[in-house]
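What follows draws every value from the coordinates through simple rules; no lab data is involved. As the structure is a prediction and not an experimental result, all values here were calculated from the model. Cβ: placed from backbone, ideal geometry, glycine included. Neighbour counts: every protein chain shown.
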Amino acid sequence: MKQFQYVRPSSQQNVLAAIAQPGTKIIAGGSNLVDLMKHGVMTPDKLVDINRLPLRNISDIKGGLHIGALALNSQVAEDKLVKSMFPLLSQALNAGASAQLRNMATVGGNMMQRTRCPYFYDVAMPCNKRSPGTGCGALEGFNRMHAIFGFSDKCIAVHPSDMAVAMAALDATVLIQGRKGARRLKFTDFHRLPGNTPELDNNLAKDELITGVEIPVNNFANHSYYLKVRDRASYAFALVSVAAAMDIQNGIIKDARLAMGGVAHKPWRLTAAEQALRGKPATAATFEQAAQVAMQGAKSFKDNAFKLKMAPATITEALKHAAGLV
Ligand code: SF4
């Protein structure tokens, strides 16, 4: 591993000053970054440890819930407010990683984790995300885990987070602090599609810090479900995952939220399928129709055509669970 400097500022101001310097990276739980440094995929000159910042709180706020960027994944998953207001988020976090990892990984770090595309991790292979302009090893290589939506000819990787899929479905907002002030970004606008710049995973500027996430109150707590299909139940990244949430009254779907993981470079919100659900009876037939709507525009590669069948089946199943039909 390349040698690096390590600093641990105790104020937000000093963190922002430190990360403005070239060659720096923020570290919190380190559960992805340290792996990437060991593999030589990321080679920062200096790590800025932000664990001294007071960003671990989870609090009820007017109109929703605030979750600090340094709140641990395990802490959020087990939090009473989260479990009662947004059980979907708790389920997604528990599906996301082993207990050991959940005890280290933070909310901000979960959002910032990088793809698990094997070509990205192998520094001997071409990868536009790791080394722009070198090509994409997965395009003609082994691409079983890769995208079926929103990819480009530069990159077909998927985002690995489960938490982010639930956050996208729940209309969360990301709170960001820079040296010139704070800003808010819709969670669905935080991560990027690869386009011609696959090296950029998200819209956070180099000198900005995620300070937290806010989730607005909703009427979905009684009818939500996170379903993750993976190769091993003992923790693996999603082949396909679905965050499903509905407001059902007298058997009719008043409102719905749907997002998928394991299918795109960012959490893939299914707004057309949500629209197809609204006003319909909460039945298996309705859910199957919405799943077909969700798949419009999907395209597969050599090894991942199975996702074209797995994804709509997972959407239907997640909706059935959310509605209490299974
Ligand atoms: Fe790299 Fe993206 Fe291609 Fe994977 S899919 S090799 S991350 S450019």
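Quick one: of K254/K320; K80/K206; K83/K180; K83/K129; K83/K266; K38/K307, which pairs are farther than 27 Å apart, Cα to Cα? Pairs exceeding the cut-off: K80/K206; K83/K180; K83/K129; K38/K307. A crude spin-label estimate for the pair A285 and V217, with each label 7 Å from Cα along the Cβ direction, gives 3.7 nm.
Counting helices only, and only those DSSP H runs with n ≥ 4, report the 222 nm mean residue ellipticity of the chain as the sum of -39,500 (n - 2.57) divided by its residues, in deg cm²/dmol to the nearest 500.
Numbers: 13 runs with 96 residues, N = 326.
Computed ellipticity for the chain at 222 nm equals -7500 deg cm²/dmol.
For D303 and K80, calculate 0.36 nm times their separation in residues minus their Cα-Cα distance, and state this gained length in nm to one decimal.
Values: separation 223, 0.36 × 223 = 80.28 nm, distance 4.15 nm.
That works out to 76.1 nm of additional length.
The stretch between L200 and R278 holds 24.6 nm of extra length on full extension. This uses 0.36 nm per residue minus the Cα-Cα distance. Taking Cα centroids, how far is the stretch 3-69 from the stretch 275-321 in Å? Spelled out, the Cα-based centre of one part sits 37 Å from the other. Phi angles of the stretch 222-232 translate, via the Karplus equation with coefficients 6.51, -1.76, 1.60 and θ = phi - 60°, into HN-Hα couplings of 7, 9, 9, 7, 10, 10, 10, 9, 9, 5, 10 Hz per residue; Gly and Pro are given as x. Starting from one equal scatterer on each C-alpha and no solvent at all, send me the Debye-based log10 I(q)/I(0) for the stretch 224-323 at q = 0.10, 0.12 Å⁻¹, two decimals. Result of the Debye calculation: -0.25, -0.35.
The label-point distance for V34 and A124, in a model that sets each label 7 Å from Cα toward Cβ, rounds to 2.6 nm.
Axis angle, to the nearest 10 degrees, between helix 87-96 and the longest C-alpha principal axis of the chain: 60 degrees. Taking the simple approach of a point 7 Å from Cα along Cα-to-Cβ for both Q292 and A20, what is their distance in nm? Result for the modelled spin labels: 5.7 nm. Take every DSSP beta bridge whose two residues both sit in the chain; close to 85 percent of them are antiparallel. The alpha carbon radius of gyration of the stretch 1-141, expressed as a multiple of 2.2 N^0.38 Å, is 1.20.
Over the chain, with a single point scatterer placed on each C-alpha, what log10 of the ratio I(q)/I(0) does the Debye formula yield at q = 0.10, 0.11 1/Å? These q points yield log10 I(q)/I(0) values of -0.56, -0.68.
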